[in-house]
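Read the structure below first, then the notes.
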Amino acid sequence: MKKLNSNQSFYYFQKRQMMNSVISSAIVVVLSLILTLSPFGALYSQQETVKRGVISGKIVDAQSGEPLIGANVYLKENNTLGSPTDIEGNYRILYVPVGTYTLIVGYVSYASMEITEVVVKEGDVTKLDISLEPAVEEMEEIVITASRLKNSEASLLKERQFAFAISDAISSEKISKSGSSDAADAMKKVTGASIVDNKYIFIRGLGERYTNTQFNNAAIPSADPDKKAVQLDLFPASFIDNIVTVKSFTPDKPGDFTGGSVNIETKSFPEQFKVTFSSSTSYNSQSNLKDSFLLDPSGKLGFIPNGLDDRSIPGALADPFVDIPDIGSAWTDPDKAAELDRLSRSFDPKMAPVNGSSPLNQNYQLSIENQASLFGKPLGFLGSLTYARSFKSYNDGRTARWQLTGHVDDTDLLNNDFDLNDNKSTEQVVIGGLFDISVKMTPEHQFKYNFMYNKKMESNARYQYGTFPRDMVPEAVYETRTLQYIERYMNFNQFSGKHYFKNLLDMRFNWNFSVSSSKQDEPDLRFFTNNYTDRERNGTIERVYSIRPSIYPLPTRYFRDLTEDNNNFKADITIPIKKWSRINSNLKFGMSYLDTDHNFRERRFEYKQDKLKYYGDPDDYFKMENVGILEDLSTQYLTRFGHYIANLTTPANNFDGTQEIFASYLMAKLPITYNLSVIGGFRYETTKIDVASHDENLGKGHLDDKDILPSLNLIYQLNDNMNLRAAYSKTL
């Protein structure tokens, strides 16, 4: 495994970021020109101005919820106005003159349907989702009125009813009616799902590590490398076609499934042109409009953040192999003393929070969607930009720990390790973008491209003080300060296709390929800890400060970055098999491959003191006059220092890791009786993980596992609206 130093790793990520940005910008510009200047988009607009509208929707099997491909939908009054359904069961009838019509729906081996009183309005889209009943014997045409058609969520409800696994689903229509602004907000309406911190999902009370999230049926990395869960607030509600939450394992799901699997499906072909802009603000009496908000003095994030530049490692120390002279040689060697002085002074000496003001929280979102025609082919696109800035703070927190010492049978007392008052403030800025384009080459063949970018910047300032009985005398007061800035990036690119082959066993073939990169930068994480004791001397109380490296670390600065690159491919084939018991049956099989590169770099510098004492003021203690050579104490033969830095980087903390997961699966849905169906199969998954530390004295970590993961689901239909389910599975 090839190791990259921190500079090489950063350069590689930056280069990849630049390429992604250039490609994405080029796509946006080209498509914007096509859709605004081409005659195809203009043609649609001109048609709309002559009092015409659109009828669209989705046709599904009433028994299974599966889309019906090639169903015929047309107007009784004018059979030249019609549309076949595509691979997803969608139909779209364009340029319908304003008026009231009767819609005819027909499909081989299904009862035809006639829907009356379908009203078409100028420049509007009339949405009708329909479920057809299989015709096991000759049936008369079903006639209903559009005003009484209540199955606008038919596809999702039927899909959920006859799904392979226990699931919940929420459609774009329901999301719109609920007023949800993003996927996280929408998931609050799903039974058994909990949203933590307004973005992370917990299924059935299980933590984020037990949940996997997919985006258009493909694995998506988290923007937070410390968490497995994806931040659901990144997905605007206007983009979402549906969200399906599966709660029992089936072989076509990843093997790390435990609590649940969430799949966010974006719209492919929006119904009509729409521009949406939303803004919101919020106020918290504890966090906003406060002058006591703790800030990092290195630089406030501001409306347009520049936190990484303000806190990047000094140029003098950028080389990870830079030689920092030790204090022993610097005392007597003028050249080494000058070098140690130069390197020590290269840091911004601020080590403690300061008080500042915090404005209101604010959130902005702009989205654009449309469906047009490109060279005679239906083209759908969606684009979104989001910006959010928020503030969180508390000044009355408490952090404490008690420990049971001795044998549990000998004592029932807990000893206090520490008990600290806690004050913390967090400023956060999130910038994101999402772009989706779909093209339908024929009704049976559809291609799609998704791009998502997210950048999250977070500045934390914290001050804690209190007692530390485990290591200090009871009258001593422990103080610690933390300044932390974290910047996270995520790029996600996905290409996918859906295909239907009528003459090849009615086979459906779905595939997707995704490339993603994520990075967490944590520049200049700073800790400064001390303690003080009030002592009486000569009738007065004197406060004595101390910095004790024997108990806690000296003032420390960390520079960390974590990068992860993923390549993911997935393919699924579904073949319908002979029907019996009026239930559609099918055989499904496929494979997936995930390749991950994971790299972590950390550098640690510690401030040591030669001839300095701390008197309680961090700003005075770390002022530039106290850093490096102290001219007034140095002599002809001995150079004395104030603060000077030492490199405490540990090679063992730096590592490179790779992961390869290959999986194949086979599953089938078979009806046993009219009411009872069984869904069973297995997943074969191989996992290879290699981890190599930069400490050559440590061995490499290696994992090579092969697992067979069986699954069995039983569905018993009690009546048309009620199912009884049982499931067994094994997961990793």
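The values are calculated or read from the model by the stated rules, or taken from the named source; none is laboratory data. Model, not experiment: these values are computed from the prediction. Virtual Cβ from ideal backbone geometry, glycine too; neighbours counted across all protein chains shown. Heads up: the accessible areas ignore ligands, DNA and RNA and are worked out on the full protein's heavy atoms, side chains in. Shrake-Rupley method; radii C 1.70, N 1.55, O 1.52, S 1.80 Å.
Remarks
- Residue-span extension gain [Ile708 to Asn415] - 0.36 nm each, minus C-alpha spacing: 100.7 nm
- For the range 440-595, the direction-averaged projected area of the alpha-carbon convex hull comes to 17.7 nm².
- Per residue, the range 537-671 exposes 48 Å² of solvent-accessible protein surface, assessed with a 1.4 angstrom probe and all protein chains in place.
- Distance between the pseudo-spin-label points of Asp326 and Glu475 (7 Å out from Cα toward the beta carbon): 3.9 nm.
- Point-to-point label distance, Glu122-Asp348, nm (Cα→Cβ direction, 7 Å offset): 5.9
- Gyration tensor verdict on the range 607-732 (Cα atoms; rounded if a/c is under 1.5, prolate if a/b is larger than b/c, oblate otherwise): prolate
- Annotation for the range 423-525: GluC sites (Glu not before Pro) lying in DSSP loop with at most 15 further Cβ atoms inside 10 Å of their Cβ are Glu475.
- Potential lengthening of the chain between Glu114 and Tyr95 amounts to 4.8 nm, from the contour at 0.36 nm per residue minus the alpha-carbon distance.
- The simple spin-label model puts a point 7 Å past each Cα toward its Cβ; for Lys611 and Lys227 those points are separated by 5.1 nm.
- With a Förster radius of 35 Å applied to the beta-carbon distance between Phe447 and Asp690, the computed FRET efficiency rounds to 0.50.
- Percent carbon-and-sulfur accessible area, the range 239-345, ignoring ligands, DNA and RNA, probe 1.4 Å: 52
- For the range 336-379, the Cα-based Rg and Dmax, in that order, read 27.6, 75 Å.
- Cα-based shape type of the range 294-433, given that a ≥ b ≥ c are square roots of the gyration tensor eigenvalues and the cut on a/c is 1.5: oblate
- Length gained when the stretch Tyr637-Phe277 is fully extended (0.36 nm per residue, less Cα-Cα span): 122.6 nm
- Portion, in percent, of the accessible area of the range 428-569 that falls on carbon or sulfur, probe 1.4 Å: 54
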